[in-house]
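The values are calculated or read from the model by the stated rules, or taken from the named source; none is laboratory data. Keep in mind that this is a model prediction, so the values were computed, not measured. When we count neighbours, we look across all protein chains shown, and the Cβ atoms used for this are built from the backbone with ideal geometry, even at glycine. We work out accessible area using only protein heavy atoms, side chains counted, and drop any ligands, DNA or RNA first. Shrake-Rupley method; radii C 1.70, N 1.55, O 1.52, S 1.80 Å.
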Amino acid sequence: MRRVLVLIAMCVVLAGCGDDAPRLIGATALSQQQDRVDSAAQRVVGALVTGMGAEPPSPDSLGRGLFAGCDNGDPDEAAYFVDTFVTYDVRPPEQAASDVSRALDSASLKLSGLEMTGRGTYTVDGLQVDLSSQEKRGGSAGQNIFVSTECLRIGKDAIAAFNAANGRDVTP
């Protein structure tokens with residue numbers, strides 16, 4: 001009987017030690033992160049449409065929000081991102097950079113990192129937003145807009161299912 005009790009105690013101790021795995025993000029918290037990214041993309045696109053007459057990719061959608069694996073992450077980790085764009089009449093790169101900065105400043109979206117002609121990093125709602133110019137005929141014809149969360153522990157099955165369903169639509 002003593003051996004049985006010792007074995008049971010050892011199993012309980014070992015089972016308790018195996019529960020050190022990091023927890024997956026909950027559905028509510030994940031939805032909030034996705035909403036933040038979608039909102040940041042919508043704010044940037046809206047500012048460029050209003051401030052410089054740019055056109056979104058479609059009147060109905062900015063594209064799809066998807067998950068991408070994280071650098072040096074494990075299979076349970078991914079970042080939610082929206083990769084979208086706007087287009088406008090071709091203009092010299094320096095003018096486009098000035099027009100973009102002015103439109104974003106007018107919408108209270110400030111530069112937060114390195115700015116080069118045709119490229120800049122902004123912080124919107126606590127998220128990093130990368131903009132880069134679309135080059136055409138020696139000028140700028142639009143802006144590529146990339147918004148992403150940090151690496152989130154979502155679960156590899158949830159990541160695969162979400163992306164297999166083609167993510168989620170991001171409306172303008």
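Of the strands (runs of 3 or more DSSP E) lying entirely inside region 26-141, the ones with 1 or more residues being of a type in the set (F, W, Y) and either in contact with a helix residue (DSSP H, G or I) (Cβ under 6 Å, 6 or more places away or on another chain) or surrounded by fewer than 16 Cβ atoms within 10 Å (Cβ to Cβ) (or both) are found at 63-69, 77-91.
Is it the case, given these coordinates, that A97 is closer than 19 Å to F146 by Cβ and among the aliphatic types (A, V, I, L, M)? Before you say what the answer is, go through the steps one by one.
Details: closer than 19 Å to F146 by Cβ: yes; among the aliphatic types (A, V, I, L, M): yes.
Judged against the criteria, A97 is a match.
Can we say R3 is open to solvent by 80 Å² or more (accessible area, probe 1.4 Å), of a type in the set (D, E, K, R) and either modelled with pLDDT of 95 or more or at negative phi (or both)? Yes: the conditions hold for R3.
Can you confirm whether region 27-42 contains a residue that is at pLDDT below 95 and either closer than 23 Å to A164 by Cβ or of a type outside the set (G, A, S) (or both)? Lay out the reasoning, then the answer.
Looking only at region 27-42, we keep the residues that are at pLDDT below 95, and these are 27.
Cutting the leftovers down to either closer than 23 Å to A164 by Cβ or of a type outside the set (G, A, S) (or both) gives us 27.
Yes; the residues of region 27-42 include at least one that is at pLDDT below 95 and either closer than 23 Å to A164 by Cβ or of a type outside the set (G, A, S) (or both).
Select from region 149-172 the residues that are open to solvent by 30 Å² or more (accessible area, probe 1.4 Å), part of a strand (DSSP E or B) and closer than 23 Å to P59 by Cα and list them in ascending order. Those that are open to solvent by 30 Å² or more (accessible area, probe 1.4 Å), part of a strand (DSSP E or B) and closer than 23 Å to P59 by Cα: R168, D169.
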